[in-house]
Amino acid sequence: MSRPFVKWAGGKRQLVEELRRSRPGKYRRYIEPFIGGGALFFALKPKNAYISDINEELINIYQVVKENVGALIAQLRIHERNYREWDPREYFYTVRNADREAGYATWSRAEKAARLIFLNKTCFNGLFRMNSRRQFNTPFGFYVNPAIVDEQNLLACSRALATTGIAAAGFDHVLDIAKKGEFVYFDPPYVPLTATANFTAYSGEGFDLDMQRRLREVCGLLDDRGVKWMLSNSHTDFVLNLYQDKYHIRKVKASRAINCKADRRGKVAEVIVTNYEVSLE
């Protein structure tokens, strides 16, 4: 069994079964342009797949897990030892600030990947967040015994990625690769439910309403091409108005994976949109 190796804001672990039931019965290739934590990908473990994300640091982790997981595990063990032997908070900020230093450019791909996995495991609420300079900026998490090295899962994820194409690219790159008979799953940064809930800093760049409209255009072009697609997003009037004229929309309930306030971690309404009819029998 494989599962996501990073915790991701907006991750789909709580919605995986609904998504599995909603996918098409048959398709030639699985494509996911907003891979994030990859909850659905690792649940399906498709033999023929292509994943991408605009976050280059995240994509580097996927590539290292696929191609050089042994070196990644070795680097994580170094972080685990140092975290135990140093003052944990001091070590966390030393590692977090590494990308502010000139020498960071000389780090190997495995070292960079291990750094981000370590930070993700030890930062506040497991929040993978980057600033406008694409520097990790989530504060320390004060965990008692974080699981920094999850060797068996990393090995399982490496096997799951073995036949998968991986690229750092924006979501509209899917127009260059998706063909008739293939299946695309879109999991964009959600439209905020409130004005204060606008967290879109996964890559250090915002994902505003104009980009949501562009995503709707991409979905229409894929539909014209005979590509099946599924999209998840928040249950808001904006999203409903974008898709309800032509596509199938199903309302579902999902638990919030990340919220700094405990009383806002309950079930919330989301939507699953498809350009094909879904049979849930």
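The values are calculated or read from the model by the stated rules, or taken from the named source; none is laboratory data. Computed from a prediction, not measured in an experiment: that's the story for all the values here. Ideal geometry is used to build each Cβ from the backbone, glycine not excepted, and the neighbour counts take in all protein chains shown.
Key figures for this structure:
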{"read-out": "Filter pass, Ile78 being at pLDDT 95 or above, crowded, with 17+ Cβ neighbours inside 10 Å, not assigned by TED's automatic domain parsing to the domain that holds Lys251 and not acidic (Asp, Glu)", "value": "no"}
{"read-out": "Test: residue in segment 24-34 that is within 24 Å of Ser232 (Cα to Cα), modelled with pLDDT under 95 and either in contact with a Gly (Cβ under 6 Å, 6 or more places away or on another chain) or not assigned by TED's automatic domain parsing to the domain that holds Lys121 (or both)", "value": "yes"}
{"read-out": "Ala9 within 23 Å of Gly170 (Cβ to Cβ), modelled with pLDDT of 95 or more and small (Gly, Ala, Ser)", "value": "no"}
{"read-out": "Test for Arg225: is it at pLDDT 95 or above, out of contact with any Lys or Arg (no Cβ under 8 Å at 6 or more places or on another chain), over 22 Å from Lys251 (Cα atoms) and of a type in the set (Lys, Arg)", "value": "no"}
{"read-out": "Condition met for Leu175 (at pLDDT 95 or above, assigned to a helix (DSSP H, G or I) and assigned by TED's automatic domain parsing to the domain that holds Val239)", "value": "yes"}
{"read-out": "Helices (runs of 4 or more DSSP H) lying entirely in segment 60-167 (those with 1 or more residues that are without any contact (Cβ under 8 Å) to a residue 12 or more places away in the chain)", "value": "69-85, 88-96, 151-160"}
{"read-out": "Some residue of segment 28-41 being without any contact (Cβ under 8 Å) to a residue 40 or more places away in the chain, surrounded by fewer than 19 Cβ atoms within 10 Å (Cβ to Cβ) and more than 25 Å from Ala113 (Cα to Cα)", "value": "no"}
{"read-out": "Check on Ile31, under 30 Å from Gly181 (Cβ atoms), in a helix (DSSP H, G or I) and out of contact with any Leu (no Cβ under 7 Å at 6 or more places or on another chain)", "value": "no"}
{"read-out": "Every residue from segment 222-240 that is closer than 20 Å to Phe41 by Cα and either outside the structural domain of Val191 (by TED's automatic domain parsing) or in a loop (DSSP other than H, G, I, E, B) (or both)", "value": "Val227"}
{"read-out": "Residue list for segment 87-98, filter: under 14 Å from Pro146 (Cβ atoms) and not β-branched (Val, Ile, Thr)", "value": "Pro88, Arg89, Tyr91, Phe92"}
